[in-house]
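Heads up: the structure comes next, in structure tokens.
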Amino acid sequence: MSKHILIVGGGYVGMYTAMGLRRLVRSGEVRVTVVDPKGYMTYQPFLAETVGGAVEPRHVVAPLGRVLKGVRVLTGHVTRVDHAARSAEFQPVQGPARTIAYDVLVMAAGSVIRTLPIAGLAEHAVGFKTIGEAVHLRNHVLGQLAAAVSTDDEQVRRRALTFVVVGGGFSGVEALAEMQGLADEATRYHDGIEPADLSWTLVEATERILPELHEELGRWTVDALRGRGVDVRLGARLASAEGGVAVLSDGTALDAGTLVWAAGGRPNPLAAASGLPVDGLGRIRATEYLTVAGLEDAFAAGDGAAVPDLTRPGEFTGPNAQHAVRQAKLLGRNLVAYVRGRRLKPYRHAYLGSVAGLGHHQGVAQVYRLRLTGFLGWLAHRAYHLAWVPTVNHKARVLADWALSMFFRRETVQLGAIEHADEEFRAAAGLPRAA
């Protein structure tokens with residue numbers, strides 16, 4: 001009887017692992033089920049370009065059912081795992097919960113956004129981790145410009161034109177840069193607003209941004225952002241967001257119409273809640289073979305796993321796409337070996353470097369000892385990430401988006417109404433606005 005492999009999570013690790021198992025599926029040696037809350041994989045490095053309008057939202061996601069032919073894809077949440085009983089509790093998007101029995105478990109649930117108990121944060125900030133948040137931010141930025149040009153109230157105008165991003169990692173820096181590029185372009189079509197009227201602030205608790213890059217590239221990025229008029233606040237924290245006013249630890253108060261929280265993530269709490277072995281950060285304790293330490297028939301990789309870094313003894317691999325994709329490909333091969341009773345291979349990968357896009361045809365890149373800035377850094381950013389976009393279909397669509405953006409100005413239409421598409425109908429029917 002074929003073994004049933006349950007993969008929890010359909011992100012980088014879940015999708016690429018399942019792709020690696022397809023030869024076992026075709027031979028009938030295993031049955032594979034992937035459970036994911038959304039049913040698609042998001043290529044997160046292009047979320048910022050989605051905000052800026054350089055890449056269409058549909059081209060940043062890969063539907064799992066289409067990519068993983070022969071694999072059963074379930075949309076919903078695994079709420080608990082009982083590995084001793086080889087079972088998982090599954091809550092589908094509709095209908096009652098049920099139990100899924102499995103033979104081999106792959107934990108690929110990744111990470112969730114990390115928040116802090118800051119007053120007003122949940123009510124007034126938006127995260128930057130999902131395609132929905134990226135689309136919302138795009139519509140919101142354009143909506144703020146429309147609001148500013150349509151009011152005679154100077155306080156309302158200043159608030160609408162004030163943008164604050166918390167977090168100086170890749171997500172925060174790239175989000176701010178693309179938002180600014182979008183807004184600068186959109187001001188062309190709004191009389192009475194110039195790019196200089198917009199206020200941009202990047203808040204970072206440490207003394208540097210883009211910590212995965214060489215310090216020199218971080219400093220270059222700070223200078224480049226400040227040259228565009230961005231107020232980069234290093235060594236500052238968000239102390240409060242009550243009433244939409246971003247109060248920083250240095251006492252600065254910014255009445256922000258847009259507050260983006262991009263201050264990192266934390267491991268998905270499912271593993272700890274299910275009694276799997278985790279470290280102090282909540283990551284699943286994994287071996288260099290991507291098995292779960294101390295358990296049989298269990299594997300883990302990606303952001304939610306503490307995988308030993310064999311190139312740096314005593315340390316663990318970083319929570320980034322580079323490691324996630326490479327671990328997933330090895331995990332697929334190791335699962336094939338595991339099912340067939342062969343020896344597993346250890347994960348060993350020296351960090352190649354990182355790239356970041358800064359909009360305005362600027363970027364920074366570090367590949368081994370080579371450091372690129374400006375236009376060359378921007379080209380390296382695009383080339384690197386295009387290489388990792390899943391499927392030829394998606395690569396072609398992203399390339400088409402980029403080609404069109406070279407010859408035509410970006411679209412600046414605000415489609416915020418799609419987030420509340422039923423409002424007009426409800427109003428016509430005399431019903432109150434939906435909460």
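Could you work out how far helix 392-407 tilts from the main Cα principal axis of the chain, as a 0 to 90 degree angle to the nearest 10? So the inclination is approximately 10 degrees.
Compared with the dominant Cα axis of the chain, that is its longest principal axis, helix 131-149 is turned about 0°. Normalised radius of gyration (Cα atoms, divided by 2.2 N^0.38 Å) for segment 134-173: 1.36. The share of alpha-carbon pairs in segment 39-108 lying farther apart than 20 Å comes to 48%. Apply the a/c threshold of 1.5 to the C-alpha gyration tensor of segment 2-46 and tell me whether it is rounded, prolate or oblate. It comes out prolate by the Cα gyration axes. Restricting the calculation to Cα atoms, segment 110-251 yields a radius of gyration followed by a Dmax of 15.3, 46 Å. In units of the compact-protein estimate 2.2 N^0.38 Å, the chain shows a Cα radius of gyration of 1.03. Computing Rg and the Kirkwood Rh from the Cα coordinates of segment 276-404 gives a ratio, Rg/Rh, of 1.06.
Only Cα pairs under 8 Å and 6+ residues apart enter the sum, and on that basis the relative contact order of the chain stands at 17 percent.
The distance separating the Cα centre of segment 14-51 from that of segment 288-350 comes to 17 Å.
Each reported figure results from applying straightforward, stated rules to the coordinates on display, with no laboratory input. Since the model is a prediction, treat every value here as computed from it, not as a measurement.
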